[in-house]
Every structure is written in C-alpha cells, then in structure tokens.
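Working notes for the structure below.
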Ligand SMILES: Nc1nc2c(ncn2[C@@H]2O[C@H](COP(=O)(O)OP(=O)(O)OP(=O)(O)O)[C@@H](O)[C@H]2O)c(=O)[nH]1
Ligand SMILES: [Mg+2]
C-alpha cells in the first residue's frame, strides 16, 4: 500500500490513555509519517507523556481552547509540512482503536473518496442513550443539509486528503468543527466514504454539553446553509 499519512491527535487531559495509543501507533505495520499531538491546555501530564516517544510533534496551546481549536492548530502544521498525502485524525481518550487505522488505509487504497469518516454502530447498552439520540439527530440534519448520507457525523475518527484541508474554511473552536468540516467539504464537492469502527465507551469522561452543544450545532447548520 503506498498511501502516505500523518496522524493528528487533539488531547485534553489525556495522560492516562495517550501513551497506549502512541505505543500502538508505533507498532502499526503501515506507519504514519509525522504524529501531531495537540495538548489543548491540559492540566495533567498530557504533554510530558509524549516525551517518551521520539517522533512526536507536540503542539501546546497555552490555555484550553476546545477540540476545534486543537484540530485547527494541528491542521495548520500538517499543511505547512507537506509530508504526507492524507491526515488521519483520532481522539486521545481511547475511544478510537488504533487497529482501525488499517481499515481506513485499506479503504482509501481502493476507493477514491476524499473524506473517510468512522461509523460507530450506536447500540443501546454500548453507547449512552443521550449520545445515540444526539448523534442520530445531528447525522440526519447534516445529511439533509449536505445532500450526502452521513451515518455518523459526530465521529472524529477521520482520514482526509490534503486537498480537502487546503480548501475548507474552518473557524470553530469546539466540537462543532466536526460538522463544519463535513458541510464545508460537501459544499466544495469532495467525495465521502465511511469506515465501520467499534463503539468504545469505557466510562471515559465526556465533555459534551448536551444543551449547549446542540444549540451550537444548530447555529453552524444555519450559518452554513446560508453562507455561500
Ligand atoms: N472535551 C474536550 N476534548 C478536547 C478538548 N480539546 C481537545 N479535546 C480532545 O477531543 C477528543 C474528544 O473529546 P470527548 O470529550 O471524548 O468527545 P467525544 O468523544 O465526541 O464524546 P463522547 O462520545 O461523550 O466521548 C479527545 O481526544 C479530547 O482529548 C477540549 O477542550 N475539550
Ligand atoms: Mg470521547
């Protein structure tokens, strides 16, 4: 397989989960070029735990700014460095199994889409009910706005072509960046594909605020609908 890719991990207070993820990445058969970890103003040892690994590009935000701001900081570096063709984004809390990276790469090798998004099977018992509800609603609305059937619009496990990141306009600081990225990429006519990934909930702390994040989600949808 001749796909080249970098990895971007936004990390907020992820000292407990991050070392395992990084270790597993270094054990992958098809290795990434660069690995960007963005420490989003963590108050724990997130930055320090990366120093055990030599090939990490650590980006530190002075204060906590949110997942969107963290991703944007990493994307900026990826665009400057021009090392790899693709960028794989994954969470730092252990909900995105490193083994699934191979599935993204295999899919990208045979499919000429530009944006590959993870698809979690949202089963009751596996995922908290409130998250099933909010994920389903946002996927339906995002699909409706873009005209592309997006099964799991909030999933942050994604593989993107450089050309997508070069042309989308990303402004969000919080979780709404997941929606913004999809809508912007769809507007530009990029093609989507989806990769099944396991649903992992091990009692990780969730920072999603249901009411606030739903309001913010609706704002993005409205803005993107009326913005050319
Ligand atoms: N919550 C939160 N996460 C951040 C922030 N900055 C970066 N992240 C990272 O964003 C990723 C997702 O955060 P989560 O809070 O687990 O969000 P989620 O996985 O969409 O939501 P759950 O399904 O409830 O786990 C993790 O890798 C975090 O480390 C931030 O300011 N807040
Ligand atoms: Mg999570």
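The values are calculated or read from the model by the stated rules, or taken from the named source; none is laboratory data. Since the model is a prediction, treat every value here as computed from it, not as a measurement. Virtual Cβ from ideal backbone geometry, glycine too; neighbours counted across all protein chains shown.
Values as computed for the structure displayed
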{"read-out": "Members of segment 138-150 found to be away from ligand 2 (no atom under 16 Å from the Cβ) and crowded, with 19+ Cβ neighbours inside 10 Å, listed by number", "value": "139, 142, 145, 146, 150"}
{"read-out": "Enumeration of residues in segment 52-68 that are surrounded by fewer than 17 Cβ atoms within 10 Å (Cβ to Cβ) and within 16 Å of ligand 2 (Cβ to nearest atom)", "value": "64"}
{"read-out": "Hits in segment 111-129 (condition: outside any strand (DSSP E or B) and touching a helix residue (DSSP H, G or I) at 6+ places or on another chain (Cβ under 6 Å))", "value": "114, 122"}
{"read-out": "Verdict on residue 108 being more than 14 Å from ligand 1 (Cβ to nearest atom), in a helix (DSSP H, G or I) and surrounded by 16 or more Cβ atoms within 10 Å (Cβ to Cβ)", "value": "yes"}
{"read-out": "Test result for residue 54, more than 18 Å from the chain's Cα centre (by Cα) and either within 11 Å of ligand 1 (Cβ to nearest atom) or free of Cβ contacts under 8 Å to residues at least 12 places away in the same chain (or both)", "value": "yes"}
{"read-out": "Members of segment 151-194 found to be over 17 Å from residue 72 (Cα atoms), surrounded by fewer than 22 Cβ atoms within 10 Å (Cβ to Cβ) and either in contact (Cβ under 8 Å) with a residue 12 or more places away in the chain or under 13 Å from the mean Cα position of the chain (by Cα) (or both), listed by number", "value": "151, 186, 187, 188, 190, 191, 192, 193, 194"}
{"read-out": "Answer residue from segment 111-134, given it is free of Cβ contacts under 8 Å to residues at least 40 places away in the same chain and within 13 Å of ligand 1 (Cβ to nearest atom) and is surrounded by the fewest Cβ atoms within 10 Å (Cβ to Cβ) among those", "value": "129"}
{"read-out": "Cross-chain or 6+ apart pairs with Cβ under 8 Å, segment 72-83 first and on the phi < 0 side of the Ramachandran plot, then part of a helix (DSSP H, G or I)", "value": "72/177; 75/165; 78/162; 78/165; 79/162; 79/165; 79/166"}
{"read-out": "Some residue of segment 164-177 being under 21 Å from residue 70 (Cβ atoms), in contact with a helix residue (DSSP H, G or I) (Cβ under 8 Å, 6 or more places away or on another chain) and in a strand (DSSP E or B)", "value": "no"}
{"read-out": "Hits in segment 41-89 (condition: at pLDDT 95 or above, under 27 Å from residue 116 (Cα atoms) and assigned to a loop (DSSP other than H, G, I, E, B))", "value": "65, 66, 84, 85"}
{"read-out": "Unmet requirement for residue 13, which otherwise passes all of (1) more than 12 Å from residue 92 (Cβ to Cβ); (2) part of a loop (DSSP other than H, G, I, E, B); (3) under 17 Å from the mean Cα position of the chain (by Cα)", "value": "(1)"}
{"read-out": "Residue among 49, 37 that is buried (at least 19 other Cβ atoms within 10 Å of the Cβ), over 28 Å from residue 163 (Cα atoms) and more than 9 Å from ligand 1 (Cβ to nearest atom)", "value": "49"}
{"read-out": "Residue 15 vs. criteria within 16 Å of ligand 2 (Cβ to nearest atom) and in contact with a helix residue (DSSP H, G or I) (Cβ under 8 Å, 6 or more places away or on another chain)", "value": "yes"}
{"read-out": "Evaluation of residue 94 against (1) in contact with a helix residue (DSSP H, G or I) (Cβ under 7 Å, 6 or more places away or on another chain); (2) in a helix (DSSP H, G or I) (one fails), failing number", "value": "(2)"}
